[in-house]
Structure formats: C-alpha cells, structure tokens
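Since the structure comes first, as structure tokens, the remarks are kept for the end.
The values are calculated or read from the model by the stated rules, or taken from the named source; none is laboratory data. These numbers were taken from a predicted model, which means no experiment stands behind them. Ideal geometry is used to build each Cβ from the backbone, glycine not excepted, and the neighbour counts take in all protein chains shown.
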Amino acid sequence: MRLRTITEADLGRVLACTTDDPVGVIDPDLLRRRFADGQYRPGLTWIAEDRGQVMARAVWWLPPGGAYPGALDCLLVDSSVTDRAGLAVNLLGAAHEEFRYRGMSVLPAYHVFLPTGWRDRPDVAAALRWRQQAAQRAGLTRELERLRYEWTPAAGLPERPGRLEFRPEPDDDAFLAAFLRVAKGSLDATTAEATAVVGVHRQARDAMRYYQGMPGPRDWWRLAYLPQGSLAGLAIPSRNVDGPVAAYLGVVPELRGNGYVDDLLAEITHLLAAAGARWIQADTDLANRPMAAAFQRAGYRNFAVRMVLSAPMYSA
C-alpha cells in the first residue's frame, strides 16, 4: 500500500473516489470549487493506493492566507477494506508526520459532519465509529460534539429587548478586557480547557486573535453595556469562508442568569441581516444548554452536528 499526496494528474481519480458511508462525504462539485480556489490543494490531499486503485482519501482544508492546514474535512476508506480504521490510521499518520516536519506544533482537527439524531441511526454511528478510532490512534484524542444552528429570514428577526446599549469599539485593549471577563466560568469547552491549561490571559489573547483573523469586518464587533454604563458582555458578528456567522458572544459572570444572552444574539442577528445576510450559521457545544436554548428562542434551527476530533490545543 502506497501512501502519498496527490498530483494534479490524480485529481480526476480522487474526485471519482466514492463511498456508501452516510458521513464524511464531500460533494464532487464542492471538491472542484475548493480545489479551484485553493482551499483544497494536491499537497494537502493524501491517498492510500494499491496497484493503482485509490483505497483511501484524506482531504485537509487550508484557511485563506494560512501556512498550515486548518482542518481535516474528509476521510474515506473503500468499503472493501476489512480494517478501515487501520488503513485510516496509517494514512493520517503519514500526513501528520509530514505536517510536523513542516513545523506544525498542533495537529489539525478532524471535523465530522453528522445529521441531527445521529445516535438513532446505526449506519451513521458505525460510519463515525471507525473514524473516531482512527483519529484517536493518530493523536486526535480530544472529542467535542457541537450543535450547528442556522437562521434564515423566514424565521423572522428576533426581538431586540432594548435592555443593553451596543457600541462599536475600535480599541483592541477594550475588547481584550471583555474577553478576559466573559471567559471566567464559561460553558464553552474550548474556552474552559484553554483557561485551565494556559491561563485566562493567553486564552483571551488567542481567542481575540482568532476572531480578528476571520473575514468579517472588525467594525461589526460590539461591546454591550447596562444603562448605568457597566459592561454586560460582547457580541461578534462575522463571516467565515462559507458566509455569515454568529461568531462569538458572552455575558460577564455577575450578570449571567438574566437572559442577556438573548440581547447579544438578537443584536448579532440584526447586524448581519442589515448587512445582507440571507442566512446565518452558528455552533455551540452539546453541553452548553443555555446557549442552545437561546438559539432556539431567536429562531435558529439545529440542522446538523459537528463532531470535532482534535489533539489537545494547548500545552503548558
């Protein structure tokens, strides 16, 4: 079995590589578009080849302007392979070794997109299981299940409660201070893990840098204040490569439990709709029930699940 990155000459065979799995499939048209715009590249697409036949395929996504792959988007192994997890481990291991050689300190996560209610579908659960096994054996030992939400104009704009004043704030230090405040006691698993390992100051700086790197304009960001002038939270509408997103929002710890999350999410939704959004997407952790409930109250629909299989993001 030969493990390698593809060349331009292999692209047709890679596009023709199909599976009967109910998860992990990227539509050929989307593959073509992302190869055309550089989000997918031959050097970041690996195959396992046996006597000229593609037996497995792994496609990593490159963020715009990125030097390293941002995520594994697709992992397929031919159904004729007896040990699908074993072949997948070998393929991921070869790619990970190359990524480390290039200087990556943290392996790219694997994002598996699942339908809602996937646990009630044995075919989906089985297709996920061997991918989980392969990812874990290849070093992606952290698992986080996230609910995917979408708002469209058909749902109507959520009511703005009017309890908070929202202000644009060009001063990055003011936003950094807000990130520090809302990180304390956050139910977001990634925030909590980072804070526990590297401390709240590094977590806040890293989070802010991440959102600054998104394609959405920085002047969409808002700080939220109570009428008497004290900080209530922050709201970050933005965009990713696919379109508008409710990127991040948070309430300061002393004001949680008062429903201000609804104010923040309504503001984000109104701002993005005013900017022409015909749909808005957002994710939250399965365990973050207050945020999931807020999305539902605002008219967002849970349309899918994202299972994120990753290496630990931080080291002390």
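Data table
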{"quantity": "Residue check for Leu76: over 16 Å from the mean Cα position of the chain (by Cα) and touching a residue at least 60 places away in the same chain (Cβ under 8 Å)", "calculated": "no"}
{"quantity": "Count - residues of region 269-316 that are under 30 Å from Leu107 (Cα atoms) and assigned to a strand (DSSP E or B)", "calculated": "15"}
{"quantity": "Count - residues of region 290-316 that are among the basic types (Lys, Arg) and either at positive phi or buried (at least 21 other Cβ atoms within 10 Å of the Cβ) (or both)", "calculated": "0"}
{"quantity": "One residue from Val112, Val54, Val89, Val59 being in contact with a strand residue (DSSP E or B) (Cβ under 6 Å, 6 or more places away or on another chain) and more than 30 Å from Arg239 (Cβ to Cβ)", "calculated": "Val54"}
{"quantity": "Any hit, region 47-60, residues being under 23 Å from Ser310 (Cα atoms) and surrounded by fewer than 21 Cβ atoms within 10 Å (Cβ to Cβ)", "calculated": "no"}
{"quantity": "Top-ranked residue in region 262-289 [being more than 21 Å from the chain's Cα centre (by Cα) and hydrophobic (A, V, I, L, M, F, W, C); ranked as surrounded by the most Cβ atoms within 10 Å (Cβ to Cβ)]", "calculated": "Ala266"}
{"quantity": "Candidate set: region 136-180, residues that are closer than 23 Å to Thr116 by Cβ and more than 22 Å from the chain's Cα centre (by Cα); chosen: the one surrounded by the fewest Cβ atoms within 10 Å (Cβ to Cβ)", "calculated": "Ala154"}
{"quantity": "Every residue from region 17-41 that is in contact with a strand residue (DSSP E or B) (Cβ under 7 Å, 6 or more places away or on another chain) and either exposed (fewer than 12 other Cβ atoms within 10 Å of the Cβ) or among the aromatic types (Phe, Trp, Tyr) (or both)", "calculated": "Tyr40"}
{"quantity": "Exclusive hit being in contact with an Asp or Glu (Cβ under 7 Å, 6 or more places away or on another chain) and not hydroxyl-bearing (Ser, Thr, Tyr), set Pro63, Pro42, Pro69", "calculated": "Pro42"}
{"quantity": "Some residue of region 246-268 being among the hydroxyl-bearing types (Ser, Thr, Tyr), out of contact with any helix residue (DSSP H, G or I) (no Cβ under 9 Å at 6 or more places or on another chain) and not assigned by TED's automatic domain parsing to the domain that holds Met104", "calculated": "yes"}
{"quantity": "Any chance Ala196 is assigned by TED's automatic domain parsing to the domain that holds Leu264, more than 19 Å from the chain's Cα centre (by Cα), of a type in the set (A, V, I, L, M, F, W, C) and in a helix (DSSP H, G or I)", "calculated": "yes"}
{"quantity": "Pairs, first surrounded by 18 or more Cβ atoms within 10 Å (Cβ to Cβ) and at pLDDT 95 or above in region 106-135, second among the aromatic types (Phe, Trp, Tyr) and in a strand (DSSP E or B), C-beta under 7 Å, six or more apart", "calculated": "Pro108/Trp60; Ala135/Tyr110"}
{"quantity": "Of all residues making up region 33-56, the number that are more than 21 Å from the chain's Cα centre (by Cα) and closer than 24 Å to Ala127 by Cβ", "calculated": "9"}
{"quantity": "Qualifying residue in region 211-224 (condition: free of Cβ contacts under 8 Å to residues at least 60 places away in the same chain, of a type in the set (Ser, Thr, Tyr), closer than 18 Å to Gly70 by Cα and not in a strand (DSSP E or B))", "calculated": "yes"}
{"quantity": "Test set (1) modelled with pLDDT of 95 or more; (2) within 11 Å of Tyr248 (Cβ to Cβ); (3) among the hydroxyl-bearing types (Ser, Thr, Tyr) - Tyr225 fails condition number", "calculated": "(2)"}
